[in-house]
1. Do any residues in region 119-131 that are open to solvent by 50 Å² or more (accessible area, probe 1.4 Å) have Cβ atoms under 6 Å from those of residues that are aliphatic (A, V, I, L, M) and modelled with pLDDT of 90 or more, where the two are at least six apart or on different chains, and which pairs are they?
2. Does at least one position in region 173-182 carry a residue that is buried (at least 19 other Cβ atoms within 10 Å of the Cβ), modelled with pLDDT of 85 or more and assigned to a helix (DSSP H, G or I)?
3. Could you check region 146-163 and list, in sequence order, the residues that are among the hydroxyl-bearing types (Ser, Thr, Tyr) and in a loop (DSSP other than H, G, I, E, B)?
4. When only residues in region 105-118 that are open to solvent by 60 Å² or more (accessible area, probe 1.4 Å) and either part of a loop (DSSP other than H, G, I, E, B) or touching a helix residue (DSSP H, G or I) at 6+ places or on another chain (Cβ under 7 Å) (or both) count, which is nearest to residue 39 (Cα to Cα)?
5. Which residues, taken from region 48-78, are open to solvent by 80 Å² or more (accessible area, probe 1.4 Å) and of a type in the set (Phe, Trp, Tyr)?
6. Just checking, how many residues over region 27-49 are touching a Ser or Thr at 6+ places or on another chain (Cβ under 9 Å) and β-branched (Val, Ile, Thr)?
7. Between 17, 45, 102, which is surrounded by 14 or more Cβ atoms within 10 Å (Cβ to Cβ) and either without any contact (Cβ under 8 Å) to a residue 12 or more places away in the chain or in contact with a helix residue (DSSP H, G or I) (Cβ under 9 Å, 6 or more places away or on another chain) (or both)?
8. Kindly indicate whether any position in region 152-160 is surrounded by fewer than 20 Cβ atoms within 10 Å (Cβ to Cβ), touching a residue at least 40 places away in the same chain (Cβ under 8 Å), within 24 Å of residue 21 (Cβ to Cβ) and among the hydrophobic types (A, V, I, L, M, F, W, C).
Amino acid sequence: MLRDVPATVTAGLRLGGRDVLVRRVFLSAGSAGSAVAAVELLTPGRAAALAGASESGAVFFAALACAGFVCAALGSHLAPLAARLAGSGERAVSVGLGTGAGGLLLLGATSAHTGAGPVVLAALGYGLVHLGLGSAGPSRNDALHRRVSAAGRATALSVQSLALQLAGALAGLLAGALPPGPLPWGLGAAALLAGALPWTRGTPQDAPAAPQAPPAPVACADPAKTGR
């Protein structure tokens, strides 16, 4: 219900204000939304420019989108390995977002150039963006799952999704207002770097789990009544 939205947002903001790790999750979700918005806004026009026509550019963009989904799925599959190599899931989030930022910087650096070399580097950057975001997502969600109790998990997930969408909408408006060239791509890269930076700091320990109630005593049969 729409009338429940303000209460949900308020509860999520309070949760993020109390817990550093949850706040990092919300910030990194917003940075990921900004990067995705920049890529989805800028890639179709660039594909059309490379293909030479809007029709062939649409086909080219469709192929790129499919490749992006494959890279994101591969990144999600490799998330446990990335967490082991990075030393923790929190560090893996920083590495994933940093990888995505590097991909956006490649896209920005090659935006004003043509030729086989820049196109290959741009394709590599496009893949790195989706690979990095796909790798960071599971570790970020795992951190949120461990940090928030079951009672507040639905609220936290709703606010995380809202942060992603609102940041994406604002980033799309800003990227569209910037002149063509490296700057719009750099906006997405800066957002990812801003989301990755908090994860490089010391991570607070997970809140201890609530103590479990001792098991109820098991009633034993009365030997006098059983005849033993």
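1. 121/106
2. Yes, region 173-182 contains at least one residue that is buried (at least 19 other Cβ atoms within 10 Å of the Cβ), modelled with pLDDT of 85 or more and assigned to a helix (DSSP H, G or I).
3. 149
4. Only one residue tops the list, namely 105.
5. The answer is 69, and nothing else.
6. Of the residues in region 27-49, 0 are touching a Ser or Thr at 6+ places or on another chain (Cβ under 9 Å) and β-branched (Val, Ile, Thr).
7. 102
8. No: region 152-160 contains no residue that is surrounded by fewer than 20 Cβ atoms within 10 Å (Cβ to Cβ), touching a residue at least 40 places away in the same chain (Cβ under 8 Å), within 24 Å of residue 21 (Cβ to Cβ) and among the hydrophobic types (A, V, I, L, M, F, W, C).
The values are calculated or read from the model by the stated rules, or taken from the named source; none is laboratory data. Everything numeric here is computed off the predicted structure, so don't read it as measured data. Methodologically, a virtual Cβ is constructed for each residue, glycine included, from the backbone with ideal geometry; neighbour enumeration extends over all protein chains shown. Heads up: the accessible areas ignore ligands, DNA and RNA and are worked out on the full protein's heavy atoms, side chains in. Shrake-Rupley method; radii C 1.70, N 1.55, O 1.52, S 1.80 Å.
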